[in-house]
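Worksheet: one structure, shown below.
The values are calculated or read from the model by the stated rules, or taken from the named source; none is laboratory data. All figures in this text were calculated on a predicted structure; none of them were measured in a lab. All Cβ positions, even for glycine, are placed from backbone atoms using ideal geometry, and neighbour counts span all protein chains on display.
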């Protein structure tokens with residue numbers, strides 16, 4: 001999905017339900033989609049549960065929003081974040097929102113923001129329920145943001161959320177290909193995210209979509225010069241008719 005680098009984004013963090021250990025990497029990821037004009041983290045900062053978050057708030061210029069847990073079993077933090085998000089939405093000063101949480105309670109918030117034509121980027125762990133993932137324009141699993149050698153381990157089911165790539169890319173090529181069977185890489189990338197908001201080549205161990213595409217033996221890649229005197233190229237992909245469909249990941 002194409003984005004504008006100077007889009008103004010509100011980064012709203014459910015500190016009760018998001019890891020503080022990758023906040024540097026998370027904000028770097030946000031910068032790929034726009035500028036974090038607003039950065040807020042919600043939680044009960046009087047408790048010791050958010051100690052790790054307290055250590056990074058000021059370093060990353062994130063505004064802590066205090067929300068007392070008045071009733072056991074009721075998530076007042078979610079309510080505070082949702083109310084703030086609606087106030088910000090109605091201000092008309094933003095191009096999109098980044099909701100950082102693995103909680104399905106924000107599903108309706110994401111759909112409501114999108115109804116007003118704004119972009120929604122979700123950030124959460126792979127345990128995030130499918131409805132919240134699907135409600136976002138794009139959803140990034142935070143596991144792919146963890147620096148190599150961090151020592152953090154994924155749960156044994158952490159890959160369960162990753163869809164097999166072959167059926168996804170076959171559908172994307174069929175939907176975007178010209179009559180000659182060739183489809184532009186950019187169009188394929190947009191279609192992949194449109195059909196699966198959590199799609200990211202990093203989920204499959206590749207930094208770029210082109211790198212992932214080239215590893216698939218059932219795809220043919222063609223590069224043509226842009227023609228502006230630079231080394232840039234147009235990349236097109238089509239299915240190899242001689243390769244039978246393989247449904248493995």
Return only the number of the condition from (1) modelled with pLDDT under 90; (2) outside any helix (DSSP H, G or I); (3) buried (at least 23 other Cβ atoms within 10 Å of the Cβ) that residue 139 does not satisfy. (1)
Flagged in the range 102-134 as touching a residue at least 60 places away in the same chain (Cβ under 8 Å), part of a helix (DSSP H, G or I) and out of contact with any strand residue (DSSP E or B) (no Cβ under 6 Å at 6 or more places or on another chain), in numbering order, are 134
With respect to residue 181, is the statement that it is touching a strand residue (DSSP E or B) at 6+ places or on another chain (Cβ under 7 Å), at pLDDT below 95, assigned to a loop (DSSP other than H, G, I, E, B) and not assigned by TED's automatic domain parsing to the domain that holds residue 134 true? yes
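Is there a residue in the range 75-87 that is touching a residue at least 60 places away in the same chain (Cβ under 8 Å) and out of contact with any strand residue (DSSP E or B) (no Cβ under 8 Å at 6 or more places or on another chain)? Lay out the reasoning, then the answer.
From the range 75-87, those touching a residue at least 60 places away in the same chain (Cβ under 8 Å) are 77-78, 81, 84-85; that's our starting set.
Imposing the further condition that a residue be out of contact with any strand residue (DSSP E or B) (no Cβ under 8 Å at 6 or more places or on another chain) reduces the set to none.
No, the range 75-87 contains no residue that is touching a residue at least 60 places away in the same chain (Cβ under 8 Å) and out of contact with any strand residue (DSSP E or B) (no Cβ under 8 Å at 6 or more places or on another chain).
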